[in-house]
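The next block holds one structure in the form of structure tokens; read it before the comments.
Read-outs: derived from the displayed coordinates by stated rules, not from any lab. In this text the structure is predicted, and so the values were computed from the model without any measurement. Here the Cβ is made from the backbone with ideal geometry for all residues, glycine too, and neighbour counts use every protein chain on show.
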Amino acid sequence: MWQSILQKEGNMRFRVKKDELQHTISSIEALAPKKTTQTILSHILLETSENELIMTASDMESSAQVRMPAEDTEKGGLIVSAKKLSEIAHRIQAEEIIFDLSEEDPEESIDLDEDRFMLNISGIDKKAARFTLSAGAPSNFPHFEMDPSMEMWQADVATIHEMIRKTVYAISQEDNRYIYNGLCFFGEGNKLTVVGTDGRRLSAITREFSTNIEVKDAEGEPIVVHSKAVKQLERLISDASKLGIGLSGRNVFFETDNAKLSSRLIEGKFPDYKKILPTQTNMEFEISREAFLDAISQVMVMCEPPSYLVKLSTEADTLHLAAHTPEYGSASVELPISSIGDPLMTAFNATFMTDLLNSLDCETVKLQFVDPERPIVIRDTSDPDFVSIVMPFRI
């Protein structure tokens, strides 16, 4: 467990490489909201220990903590503006950056705490610009804690990354259906299922792991992790080699080689996606994923937001796609397919379909239909444990 210092101790000092600092800041700064009624949350907590810098960001719902190597460290802790620290790290012209603390009060400071300091920032190259950044004591900053007795299930990083990539785009961006604002995780035995939906589209994927991964709440129900935490997890595991997942109360925890993430779970019951899947289909066809994606992208030129409506019809072994806008005109394209069943005409949201197709890496997809008004089922022909649904438009 990492302990927070939560006070300014001595003359805090450290030296870090610019590229490592940029990478670390970019991995957590999204959790420091730029607009918030709690000004302290727009800051990042910096803590130093022996040859190490620890950064923490929090929006109260989720918190992330990342470690990175540092040299010439003197132990201490303070908070600084996440936005300004990021801008300085990107613009300073130096391979290595030195941070050291002075006790001079700035002429103008943000009213965060009675204790104010100035953090001096300079490049090891004397030609680089020098900065002074207002800093404060982190006594009121959210404290990152993990229960040391909590069980952590080990998961393959690449597999989790794939599961998120193939489902996260389906998460709702609207606040009126809060349960859809996150990814659903359900682990039982050595199988984990991840589902994302906004009520108009859905993607689900199941994978097996070498060990048990019991990711479910105390009642044995799936957990729902907020989209902001999911996207933060994506950033943290992008260069990780290991990942642990744990649950404590209504919070989920993730731990990688050098980072930790906690997030409050979304309350509510996630719908059972299996009940939405049609038990039988009356028409289906297989098509090249890239060819289908390219065809949709072409006719989308004549789609109108927010529906981005594209009409789909089949005839013998030919797929027809068409879009029309009264103001600009129309577009159409035909593709060869291998179909089974009666001809069909329906319509779908083009962005929903392209989001799905872009998330996959297979050569061929299968589309299945019951009738023009029932969900369109899309499958990866090489992966029986992945399924996606797009709700059609009535035409």
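To the nearest 20 debye, what charge dipole does the stretch 13-136 have about its Cα centre, counting +1 at the Cβ of each Lys and Arg and -1 at the Cβ of each Asp and Glu?
With Lys and Arg at +1 and Asp and Glu at -1, about 540 debye.
What is the local net charge at MET300, summed over the other residues whose Cβ is closer than 15 Å to its Cβ (Lys, Arg +1; Asp, Glu -1)?
-2
On average over all directions, what projected area in square nanometres does the stretch 152-273 have, based on the convex hull of its Cα atoms? It would help to have the intermediate numbers written out before the result.
Working: hull surface 26.7 nm².
Average of the hull's projected areas for the stretch 152-273 equals 6.7 nm².
Can you compute the charge dipole magnitude of the stretch 134-242 about its Cα centre, using +1 on each Lys and Arg Cβ and -1 on each Asp and Glu Cβ, nothing else charged? Give it in debye, rounded to the nearest 20. Could you put the intermediate results ahead of the total?
Values: 12 positive and 16 negative charges, 109 e Å.
Using only the charged Cβ atoms, the result is roughly 520 debye.
Hey, which of these cross-link pairs are over 32 Å Cα-Cα: LYS35/LYS275; LYS35/LYS366; LYS231/LYS275; LYS75/LYS126? Write out the running numbers ahead of the final one.
Working: LYS35/LYS275 40 Å; LYS35/LYS366 44 Å; LYS231/LYS275 27 Å; LYS75/LYS126 25 Å.
Table pairs above 32 Å Cα-Cα are LYS35/LYS275; LYS35/LYS366.
Restricting to DSSP H runs of at least four residues, report the calculated mean residue ellipticity at 222 nm for the chain, -39500 (n - 2.57) per run over all residues, nearest 500 deg cm²/dmol. Please list the in-between numbers first.
Numbers: 6 runs with 62 residues, N = 395.
About -4500 deg cm²/dmol.
Please arrange MET283, MET345 by how many other C-beta atoms lie within 10 Å of their C-beta, fewest to most.
Ordered by Cβ neighbours within 10 Å, fewest first: MET345, MET283.
For the stretch 23-30, in order, what is each residue's ³J(HN,Hα) by Karplus, 6.51 cos²θ - 1.76 cosθ + 1.60 with θ = phi - 60°, in whole Hz (x at glycine and Pro)?
Values, residue by residue: 4, 5, 4, 5, 6, 10, 5, 5 Hz.
Rounded to a whole number of µm²/s, how large is the Stokes-Einstein D of the stretch 13-136 at 10 °C and 1.306 mPa s, given Rh as the Kirkwood radius over C-alpha pairs?
109
Could you list which residues have their amide H under 5 Å from that of ASN251, counting only those 5 or more apart in sequence or on another chain, with H placed in the peptide plane?
Residues meeting the criterion, in which the H sits 1.01 Å from N, are LEU265.
Which three numbers, in whole Å and largest first, are the semi-axes of the equivalent ellipsoid of the stretch 279-390 derived from its Cα gyration tensor as √(5λ)? Kindly include the intermediate steps, with their values, before the conclusion.
Working: eigenvalues 94, 49, 35 Å².
Ellipsoid half-lengths, sorted descending, are 22, 16, 13 Å.
I'd like the per residue volume of the convex hull spanned by the Cα atoms of the stretch 194-330, given in cubic angstrom.
Normalising the Cα hull of the stretch 194-330 by residue number yields 201 Å³.
Give the cross-link partners of LYS274 among the aspartates and glutamates, using a straight C-alpha distance below 13 Å as the criterion and excluding same-chain residues fewer than 8 apart.
ASP385
So which GluC sites (Glu not before Pro) in the stretch 1-101 end up in coil per DSSP with only 12 or fewer other C-beta atoms within 10 Å?
GLU50, GLU95
Among THR364, THR354, THR37, whose mean-square fluctuation peaks in a Gaussian network model of the chain (Cα, cutoff 10 Å)?
THR37
Rounded to whole Å and sorted largest first, list the principal axis extents of the Cα atoms in the stretch 344-393.
That works out to 27, 21, 15 Å along the principal axes.
How big is the Kirkwood radius of the chain, worked out from every pair of different alpha carbons and given in Å to one decimal?
Answer for the chain: a Kirkwood hydrodynamic radius of 23.7 Å.
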